[in-house]
1. For the stretch 85-142, what are the residues that are hydroxyl-bearing (Ser, Thr, Tyr) and open to solvent by less than 10 Å² (accessible area, probe 1.4 Å)?
2. What pairs can you find where one residue is in the stretch 400-413 and over 19 Å from Gly119 (Cα atoms), the other is part of a helix (DSSP H, G or I), and their Cβ atoms are less than 9 Å apart, with a gap of 6+ or different chains?
3. Suppose the filter is part of a helix (DSSP H, G or I) and without any contact (Cβ under 8 Å) to a residue 40 or more places away in the chain; does Ser91 pass it?
4. I need the full set of residues from the stretch 401-421 which are aliphatic (A, V, I, L, M) and modelled with pLDDT of 95 or more, in order please.
5. Quick one: which of Phe357, Phe366, Phe412 is over 26 Å from Phe153 (Cβ atoms) and among the aromatic types (Phe, Trp, Tyr)?
6. Please list, ordered by residue number, the helices (runs of 4 or more DSSP H) wholly in the stretch 225-309 having 3 or more residues that are in contact (Cβ under 8 Å) with a residue 60 or more places away in the chain, aliphatic (A, V, I, L, M) and surrounded by 20 or more Cβ atoms within 10 Å (Cβ to Cβ).
7. Of the conditions (1) crowded, with 24+ Cβ neighbours inside 10 Å; (2) over 30 Å from Leu384 (Cα atoms); (3) aliphatic (A, V, I, L, M), Leu166 satisfies every one except a single condition; which number is it?
8. Looking at Ala67, Ala43, Ala61 in this structure, which one is under 15 Å from the mean Cα position of the chain (by Cα) and in contact (Cβ under 8 Å) with a residue 40 or more places away in the chain?
Amino acid sequence: MGLEGDEEMAAIPTKSTFRYNSPFVQVSLIGLVCFCCPGMFNALAGMGGGGQVDHSVANNANTALYATFAVFGVLGGGIYNILGPRLTLVSACSTYVLYAGSFLYYNHHKHQDFAIVAGALLGVGAGLLWAAQGAIMTSYPPTHRKGTYISLFWSVFNMGGVIGGLIPFILNYHRGEAASVNDGTYIGFMAFMAVGAALSLAILPPSKVIRNDGTRCSNIKYSNVRTESIEIFKLFLNWKMLLIVPAAWSSNFFYTYQFNNVNGALFNLRTRGLNNVFYWGAQMLGSVGIGYIMDFSFQSRRMRGFVGISVVGVLGTAIWAGGFANQLRYSRSHTLENLLDFKDSGADYAGPFVLYFSYGLLDAMFQSMVYWVIGALANDSEILSRYTGFYKGVQSAGAAVAWQVDTHNVSFMSQLIVNWCLTTVAYPLLVVLVMLAVKDEAKGEEGTTDEATPTSAKPTYT
């Protein structure tokens, strides 16, 4: 679409929240894309071992996944700025279908090679998808409602995990004994992921998204390779990004422990699927709660940041303490004689279920809080795509290490303590970042000149 198309779009009334080119609709659409692709991936991973009795195939595939994700997470922001959202997202989403298909293949042939290669390719795709998602989620909304839009995205996205958890629960309901999930489970995941790839074509570039106050999200349509290479290199020298590193590293590190060594170690197959329904449902609740705190609790944006970090810090400490108490009951060498079942285990099921639910609640609150902080550092889509790409790259490097830690049979208790320590270190550093870099007025952010660009202005292209 050329300048004429942009002018036509600018003429659309900007007061309707449900306009196709409104931030609300576009953030909802990226939420639906993530509902179908990473949402279903999360449900698959949450079963422990990708739904397989032998966890080694999922651990090795996920190590390859997060190793390439670490690289393309960092590069993803630059690639997004060059290709735009549609090409970036549709190519990224297709790798999710391949990954789920590799486990369908493994169900019949028991060869890990396909799953590992598919995992590596998914790492490339996931790096591109999450860089695009982060840029859209943090730059499209108005400054004073970023927390609300983050919670909107997180709720839609995690509904994918809820629905995805129902798929193995329903299809494997009568298979109470430990077993790999059936073919229909993987086929169901692949169908949802293919729909997500198609939906990604509906995402608009930032130059065509208009807020209700009449401002565009960005004037720039495309960047170039040289510019992005320089800007990505600068991220590793950026003190703001360095303060985010512990939060980024820890924010997917705990998945291996929670999925394999809590849900996978304590519960039988059908109960793991049910648990995931509530794990990802808890994420919806957590994102809404922290989104309210980050946007509405105080007039001062910095104060909202301090309060939000404090709330997550206190809650996180309590939940990990509960996890510590639960971990004293079993270990890698002394597992439960009978895996817990939601129908047959009675009161024994309640405590571990509440803990797993709480882990989901904490995950959403922790990551939504970090995204809010990143979104408060700038408003421009190009800048935020690099920031969120850096965040996802470091996050994925941590996850790659975590999957191999579990593959090498590190004790459950050691994994728990490391996770608890990593998240605890992140909180004071985020407080320092908010104190030094987050301003109460949008004019203190990077890239805020785009915030005041009226729709009547001609967009510039580079």
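The values are calculated or read from the model by the stated rules, or taken from the named source; none is laboratory data. Just so it is clear, the structure is predicted and the values come from calculations on it, not from any experiment. Neighbour counts run over all protein chains shown; Cβ positions are idealised from the backbone, glycine included. Accessible surface is based on the protein model in full, side chains and every heavy atom, while ligands, DNA and RNA are left aside. Shrake-Rupley method; radii C 1.70, N 1.55, O 1.52, S 1.80 Å.
1. Filtering the stretch 85-142 for residues hydroxyl-bearing (Ser, Thr, Tyr) gives 88, 91, 94-96, 99, 102, 105-106, 138-140.
The answer is Thr88, Tyr96, Tyr99, Ser102, Thr138, Ser139, Tyr140.
2. Partner pairs satisfying both residue conditions: Val410/Val418; Phe412/Tyr257; Phe412/Asn261; Phe412/Val262; Phe412/Ala265; Phe412/Gln327; Met413/Phe324; Met413/Gln327.
3. On the way: part of a helix (DSSP H, G or I): yes; without any contact (Cβ under 8 Å) to a residue 40 or more places away in the chain: yes.
When the stated conditions are applied, Ser91 passes them.
4. Going residue by residue through the stretch 401-421, those that are aliphatic (A, V, I, L, M) are 401-402, 405, 410, 413, 416-418.
Within the stretch 401-421, Met413, Leu416, Ile417, Val418 qualify.
5. Values: Phe357 fails: over 26 Å from Phe153 (Cβ atoms); Phe366 fails: over 26 Å from Phe153 (Cβ atoms).
Result of the check over Phe357, Phe366, Phe412: Phe412.
6. Details: elements: 225-235, 239-250, 253-258, 269-296.
Helices (runs of 4 or more DSSP H) meeting the threshold: 239-250, 269-296.
7. (1)
8. The conditions single out Ala43.
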